[in-house]
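Each reported figure results from applying straightforward, stated rules to the coordinates on display, with no laboratory input. Keep in mind that this is a model prediction, so the values were computed, not measured. Note: ideal-geometry Cβ built from the backbone for every residue, glycine included; neighbour counts use all protein chains shown.
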Ligand SMILES: C[S@@+](CC[C@H](N)C(=O)[O-])C[C@H]1O[C@@H](n2cnc3c(N)ncnc32)[C@H](O)[C@@H]1O
């Protein structure tokens, strides 16, 4: 299990990369299923010479899956990840050379014209006052017809639903062998670091950024996915 962090001190740096894959699979309901969904959706948007961005590349598992479904096309994959240790843990396979890794936060990069952009549980870790600017940058980067996939932890519409979601998430984590202490510690560690919005607020932001076509493609407890097409 990932070591305990103090309140509000969660980080993806240090040695977190070592246990990242197993930790996230057990912490987010349907995590592997949604990676599969995002990979399958990519085939609708990626074509010869497309650029595909993964914002919050982490250990690279998602782009590897997307690459495997698009092997016959020449695609320029770009992984954005501020934590150097995460990038170092990425093992380039022979068939997966066409990837550029950018060791920066997304807010500090210029994005090229692209056809498919993913934020799979990353935007939630970025300060709320920066999110709209980032969404506008994503919108401007996409070619017309390009797809943006946004997955986020969300707050429910009211406190009654939020109580149910919170309880269900604790049950999910307990079933995955997290102890009560680990669950409480993680909740404290991500205070002020992971800041969810409601589904509605996310869609409002997508619209403000320019996206008129937004479709919810996934929900499992309080984790949702939206596909937006430019
Ligand atoms: C929950 S993980 C993403 C999981 C990954 N997309 C997947 O499918 O396995 C969030 C990642 O976003 C990265 N991150 C945090 N802030 C970021 C930022 N401002 N720009 C880009 N990436 C960021 C973190 O370092 C971390 O690796």
* Asked: For 86, 111, 168, what ranking results if the residue with the fewest other Cβ atoms within 10 Å of its Cβ goes first?
  -> 168, 111, 86
* Structure fact -> One finds the C-alpha centres of segment 23-96 and segment 124-154 to be spaced, in Å, by 17
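Calculate for the chain the 222 nm mean residue ellipticity that helices alone would give, adding -39,500 (n - 2.57) per DSSP H run of length 4 or more and normalising by residue count, nearest 500 deg cm²/dmol. Could the numbers behind the result be given before it?
Working: 8 runs with 89 residues, N = 230.
Result for the chain, helices only: -12000 deg cm²/dmol.
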* Asked: Quick one: length gained pulling residue 19 to residue 204 fully straight, 0.36 nm per residue minus the C-alpha distance?
  -> 63.1 nm
* **Over segment 183-230: Rg over Rh, Cα atoms, Kirkwood Rh** => 1.09
* Asked: So, in nm, how far is label residue 188 from label residue 176 when the simple model puts each one 7 Å beyond its Cα toward the Cβ?
  -> 2.2
* In degrees, nearest ten, helix 16-27 long axis to first principal axis of the chain (Cα) -> 70
* Candidates 44, 31, 139, ranked by Gaussian network fluctuation over the chain, Cα under 10 Å, top entry -> 44
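Over the chain, what relative contact order in percent results from Cα pairs under 8 Å that are six or more residues apart?
24
Just how many % of Cα pairs in the chain lie over 26 Å apart, if you round to the nearest whole percent? Intermediate values should be presented prior to the final figure.
Details: 9295 of 26335 pairs.
That tail contains 35 percent of the Cα-Cα pairs.
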* Rank the residues 100, 34 as a footprinting-exposure proxy: fewest other Cβ atoms within 10 Å of their Cβ go first. => 100, 34
